[in-house]
Amino acid sequence: MSEYATMVGVGASRALPDARAHEVFETMARTRPDAIAAVQGDRRLCYRELNARANRVARTLLEWGLSHEGVVGVVTERNLDWLTAVLAIFKAGGAYLPIEPHFPADRIARMLSRAGCRIVLAERGSPAMPDQVATVDVGAASAQGGSQVDENLGLPIATDQLAYIYFTSGSTGDPKGAMCEHAGMLNHLFAKIDDLGIVEGTVVAQTAPQCFDISLWQLLSALLVGGRTHLVEQEIILDAGRFIDTIAGAAVNVVQVVPSYLEVLVSFLARHPCALPDLRYVVATGEALKKELVERWFAVQPRIKLVNAYGLTETSDDTNHEIMDCPPSGERVPLGRPIHNVRIAVVDEHLSPVSLGEPGEILFSGVCVGRGYINDPERTRGAFLSDPRSPGGRLYRSGDFGRWLPDGKLEFLGRRDAQVKISGFRIEIGEIENRLLGVRGVREGAVVVIERPDGNKHLVAFYTGDRPLDDAVMRDQLGASLPAYMIPSALHWRKTLPLTDNGKTDKKTLAALAAELEAPEPGHDEPGTAVELWLADVWAEVLGIPRDEIGRRDDFFDLGGTSLSALKLVVALDRALSFSDLAAHPVLSDQATLLDEAPAQGPSGHCAATRI
């Protein structure tokens, strides 16, 4: 490997079809018209039916005046109407904008306004849209059949035409809409098809919410090769047992989850061993995948490959795949090499590639890089640059911190752009977190800033590991590479760090916890009954907090619990309580009462046909 190749990762060159994604799907609809394309619960659509429905909706959009690259919002649940709407927008030459119907009205209005969206595809029961936005019932439009309206539209769609917009939260509090083109979308779809072995007959599970960009490949990839998309309802995802049953019963071959949910599945499978003979790949994405979790996965499912996927919304989703059939030999799980037609560099502050093994910012170029943020030139200029190596090409500054490994794989180290100012010093939180991870015995780390009553700000670190470490030893190790003003004033051990529902480290919860730990601890009612005492122990295990911090009147979610940790609690209780039980009764004593009143649980029937 040349010196340059060690500093710039270049994905393999791969010729793509001379067609857009929806046109490749149309070819499948012509060659396999009666094959099942998509399933949701008891509903299913064959390729011919799905294509005809999408054509009808596409023509309706044009009748409503959809223009070239016009933005069309989709406000539906995750169902077959959603799939129909996405294909219809691409066929009509529009740009897809996903909007979850449960979003606050103000956020929906801001997204529509920023995107310049004038048409929304919705379903019955969807929230009302602003007056200036036309709402089209996707179900009604798809039902208006006829020989002519069922035919493909055949509109010319260029490779550099806008395909979709995904809004992400912005540092200013105003969401920013990342724009990606058809070429980048198609490249990513075929990277998934190639690397995950998606072929005719493959079943891909669709699990992610519409607002996450990973939902798109889950929705479409199988349809480009004659496979099947299986949409898994949210109520099933909220029950690990039902989710495993669904994956097994639908003969799913490929599924993607965030590592936090993977941990829930691993815990369930450890309690209820179950063979999943059809499942070939589990893809983890959305947060750092820990080696310990990889080891636990292969302990319960040694045959099924685990993929660590990395990418950003601005780079047409994933740009790296690390495909594993056993745990990695190193301390961390690498991100893998770039997918085809993608270039990645690790650069310094001058955007020059750093030496092999040196940390730097991850910089993207190639077909994956999107256009920027819609109607947001300032933030676009801050992240997107012209590519001097490719006329008309673009570079994207990710703000992620990484390094190249000797084998040509990329390793993620954290974020570079979480800057704060304390006592006049500009501090990168990511740099402190990176050094914290280098302390012997630290598995995970996060640093937050809290403000004391006197107005002074200070740094507080949280970390996980096998056991609490000596503060003085940690400070000595941190002080070896950090100036005194960058060493956290407090170091707190936790068994696990709290996560958001999206699987990210929940910095808001940690900041609130840091403030509480500084304040005198108020007294609380100790658990009294045997069930309360046992349940408090389970809470402590799931939440990763000391048992003596839990009182009988404490609220699970006030102590840092999230939807994902509630799922872990359901598994830890062996499903004696359901997710809805926990949501409705978050107080410990109330949950103990429910457990007292619950009937005895019979033996689990999960995966009975394939029980190990």
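Here, each number is a calculation from the coordinates, and none is a lab measurement. What you see is a predicted model, and the numbers here were worked out from it, not measured in a lab. Note: ideal-geometry Cβ built from the backbone for every residue, glycine included; neighbour counts use all protein chains shown.
Structure values in brief
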| quantity | calculated |
| --- | --- |
| Added length on full extension, which subtracts the Cα-Cα distance from 0.36 nm per residue, residue 471 to residue 348 | 41.1 nm |
| Relative exposure of 214, 323, judged by other C-beta atoms within 10 Å (fewest first) | 323, 214 |
| Neighbour-limited loop hits for trypsin sites (Lys or Arg not before Pro), the range 1-106 (at most 15 other Cβ within 10 Å; DSSP other than H, G, I, E, B) | 14 |
| Cleavage-rule hits (trypsin sites (Lys or Arg not before Pro)) in the range 96-137: DSSP loop, at most 14 neighbouring Cβ within 10 angstrom | 124 |
| Extension gain from residue 148 to residue 13, taking 0.36 nm per residue of separation minus the Cα-Cα distance | 44.6 nm |
| In order through the range 231-247: 3J(HN,Hα) via Karplus (6.51 cos²θ - 1.76 cosθ + 1.60), integer Hz, x for Gly, Pro | 7, 9, 5, 4, 5, 6, 4, 6, 10, 4, x, 5, 5, 4, 4, 5, 4 |
| Debye, to nearest 20: dipole size of the range 226-355, +1 on Lys, Arg Cβ, -1 on Asp, Glu Cβ | 480 debye |
| Net +/- balance of residues flanking residue 25 in space, Cβ distance below 14 Å, scoring K and R +1, D and E -1 | +3 |
| Separation of alpha-carbon centers, the range 561-588 and the range 216-237, rounded to whole Å | 27 Å |
| Cut-off under 5 Å, modelled amide H: who pairs with residue 46 long-range | 37 |
| Distant-in-sequence amide H partners of residue 393 (H built 1.01 Å from N, under 5 Å) | 387 |
| Length gained when the stretch residue 557-residue 529 is fully extended (0.36 nm per residue, less Cα-Cα span) | 7.9 nm |
| Over 29 Å between alpha carbons, listed pairs 176/504; 91/305; 508/568; 291/507 | 91/305 |
| Over the chain: helical MRE at 222 nm, DSSP H runs n ≥ 4 each giving -39500 (n - 2.57), nearest 500 | -9500 deg cm²/dmol |
| Amide H partners (placed H, <5 Å) of residue 70, local residues excluded | 95 |
| Whole-angstrom gap from the range 264-318 to the range 30-66, using each part's C-alpha centre | 32 Å |
| Table column - 3J(HN,Hα) (Hz), the range 53-66, Karplus curve with 6.51, -1.76, 1.60, x for Gly and Pro | 4, 5, 5, 5, 5, 4, 5, 4, 4, 5, 5, 7, x, 4 |
| The chain pair-distance distribution - Cα-Cα, 10 Å bins, rounded % | 3, 15, 25, 27, 20, 9, 2, 0 |
| Distance (nanometres) between label positions extended 7 Å along Cα→Cβ at residue 128 and residue 43 | 2.6 nm |
| Dipole magnitude (debye, nearest 20) for the chain, charges at Cβ of Lys, Arg, Asp, Glu | 1500 debye |
| Projected label distance in nm at residue 100 and residue 356, using a 7 Å step from Cα toward the beta-carbon | 4.3 nm |
| 20 Å reach of a label modelled at residue 235, 7 Å along Cα-to-Cβ, counting backbone N of the range 553-577 | 563-564, 566-568, 570-571, 575-577 |
| Sorted by Cβ neighbour density within 10 Å, fewest at the top, the residues 305, 291 | 291, 305 |
| R0 of 45 Å, Cβ-Cβ distance residue 580-residue 27: FRET efficiency to nearest 0.05 | 0.55 |
| From phi via Karplus (6.51, -1.76, 1.60), per-residue ³J(HN,Hα) for the range 563-580 in Hz, x at Gly/Pro | 4, 5, 5, 5, 4, 4, 5, 4, 5, 4, 8, 6, 6, 5, 10, 8, 4, 5 |
| Cα centroid separation, the range 360-394 to the range 112-134 (Å) | 29 Å |
